[in-house]
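Nothing in this text is a laboratory measurement; each read-out follows from the coordinates by a stated rule. Just so it is clear, the structure is predicted and the values come from calculations on it, not from any experiment. When we count neighbours, we look across all protein chains shown, and the Cβ atoms used for this are built from the backbone with ideal geometry, even at glycine.
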Amino acid sequence: MSSSLRRGTLAASALVLSIASLTACAAGNSAQTLEVKPDNAATSVGDIKLQNINVITQPDLKATGPAVITGTVFNNGRKDQTLEKITLPGKSGATVKLTPAGGGSGSLVVPAGRSVVLGGKGNATAVLPNGREAIKDGEQQKLTFDFSDTGDVNIGAFVVPATSFFKEWGPEAPAPAQSPKQGDKPGKPSGTPSGKPSGTPGAPSGAAGAQQGEQGGERQEGATQGGQQQAQGGQQHAGH
């Protein structure tokens with residue numbers, strides 16, 4: 001093969017490889033090809049942005065107790081908005097209790113140009129009292145945030161247990177039920193029996209008293225007659 005033909009073949013091969021490489025790079029960097037998804041749930045509607053939204057349940061799968069909704073709510077508008085409620089579509093019995101960072105209950109105010117953090121020590125909270133009954137770990141739960149001006153903002157949040165990174169953001173564990181101690185014994189009746197009966201037996205009354213009086217009078221009369229007879233007998237003996 002001549003040198004000119006050899007150079008032409010090499011140039012053609014290099015061109016084919018270059019085109020193939022460019023095609024591969026274009027396909028590899030395409031978000032649709034890779035199906036890239038965000039690591040945490042986030043969405044924006046109007047001036048409101050929700051970021052890092054999760055539902056965190058009890059760390060023990062067998063434990064019953066509340067779950068919490070965590071994340072950050074941004075208000076990019078020029079006036080305050082109120083987060084009036086959070087609902088779980090399709091979960092009619094699931095209610096979320098909102099508590100501001102300063103305590104109290106009810107709606108949460110998101111100041112203009114600022115944000116509110118849900119969950120964690122000292123922050124506002126969104127508690128789902130019957131978390132274990134309403135949701136399951138590993139699923140994606142649809143949540144609806146209802147704002148005063150923006151209205152409904154829907155987002156799909158991951159449901160995860162309060163372990164590893166999520167431990168410090170998780171719900172409080174339910175208080176254990178108190179059981180009687182081993183040393184506890186049934187109580188004894190307090191106090192002692194009352195004292196002896198007070199007072200003395202009363203005198204007979206009514207017919208019984210009258211009968212006893214008559215019997216006493218008869219005995220006294222008999223004794224008098226006996227004394228008289230004894231005295232008469234003594235006088236007769238003296239006369240003899």
How many of the residues in region 48-75 are surrounded by 16 or more Cβ atoms within 10 Å (Cβ to Cβ) and out of contact with any strand residue (DSSP E or B) (no Cβ under 6 Å at 6 or more places or on another chain)? 2
Hey, does region 53-63 have a residue that's in a loop (DSSP other than H, G, I, E, B), without any contact (Cβ under 8 Å) to a residue 40 or more places away in the chain, closer than 20 Å to Thr43 by Cα and of a type in the set (D, E, K, R)? no
Filter region 117-165 for residues that are over 15 Å from Val68 (Cα atoms) and part of a strand (DSSP E or B) and give the result. Asp146, Phe147, Gly151, Asp152, Val153, Asn154, Ile155
